[in-house]
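Chemist: Input: one structure, supplied below.
The values are calculated or read from the model by the stated rules, or taken from the named source; none is laboratory data. Keep in mind that this is a model prediction, so the values were computed, not measured. Note that we place each Cβ from the backbone using ideal geometry, even for glycine, and neighbour counts take in every protein chain shown. Only protein heavy atoms, including side chains, enter the accessible area calculation; ligands, DNA and RNA are left aside. Shrake-Rupley method; radii C 1.70, N 1.55, O 1.52, S 1.80 Å.
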Amino acid sequence: MLSARLIQLIETHAESLTLQTLDDMLSNEHTRSYWRFSKTELRPRIFAFYFNLGNWVGNPNEEPVRREYEELGRIGSREGIPLSEIIYTLIIIKKHLRHYIREHGLMTLSGDRFAPSEMVPFELHAIQELNYLVGDFFDRALYHLTRGYEAQVNAKHMVA
């Protein structure tokens, strides 16, 4: 299945995707709160996303996504990062991921034996499938991230 091979390719290139994403995050006006962090501090968070993508995309088990993204929301709230900037960071990650899929998706079957007339429609369908799965994952991640952020904000108010 092409989408599984593409996810594996993304995970293999997690480091380069991480560096591109960090450069974008640390220069984007919509993520200014992250500018106070070094790449060394932020790198593990972004790398974990790309490296673990296969565990989340297309997985019907919601629990790992809920745990991971609620915790990220809580961490962001504790660090004083506005929710809008955390969400925009996910938008940046998604942008780099989709660009990578678009750039590398049609090359993954180069060694397979398909007739040229069969290859492009098959590959395009698989890329569309992966983009759908990625979009669905990001919707779920945003929901859980927001819930974690809200829970942390509410916990702060209860203590005060």
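Chemist: Is there a residue in region 79-92 that is modelled with pLDDT of 90 or more, farther than 26 Å from Asn154 by Cβ and open to solvent by less than 60 Å² (accessible area, probe 1.4 Å)?
Modeler: yes
Chemist: For the structure I just gave you, tell me whether Thr21 is open to solvent by less than 10 Å² (accessible area, probe 1.4 Å) and either farther than 30 Å from His125 by Cβ or more than 16 Å from the chain's Cα centre (by Cα) (or both).
Modeler: Against the criterion (open to solvent by less than 10 Å² (accessible area, probe 1.4 Å) and either farther than 30 Å from His125 by Cβ or more than 16 Å from the chain's Cα centre (by Cα) (or both)), Thr21 does not qualify.
Chemist: Collect the residues in region 60-72 that are more than 24 Å from Ser16 (Cβ to Cβ) and open to solvent by 30 Å² or more (accessible area, probe 1.4 Å), keeping them in residue-number order.
Modeler: Passing the criteria: Pro60, Asn61, Glu62, Glu63, Pro64, Arg66, Arg67, Glu71.
Yes/no per residue for (1) aliphatic (A, V, I, L, M); (2) open to solvent by 50 Å² or more (accessible area, probe 1.4 Å); (3) touching a residue at least 60 places away in the same chain (Cβ under 8 Å); (4) touching a Cys at 6+ places or on another chain (Cβ under 9 Å):
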position	(1), (2), (3), (4)
Tyr34	no, no, no, no
Phe49	no, no, no, no
Val57	yes, no, yes, no
Gly76	no, no, yes, no
Leu97	yes, no, yes, no
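Chemist: Could you figure out which of (1) open to solvent by 60 Å² or more (accessible area, probe 1.4 Å); (2) at pLDDT 95 or above isn't true of Glu103?
Modeler: Checking Glu103 against (1) open to solvent by 60 Å² or more (accessible area, probe 1.4 Å); (2) at pLDDT 95 or above, the one that fails is (2).
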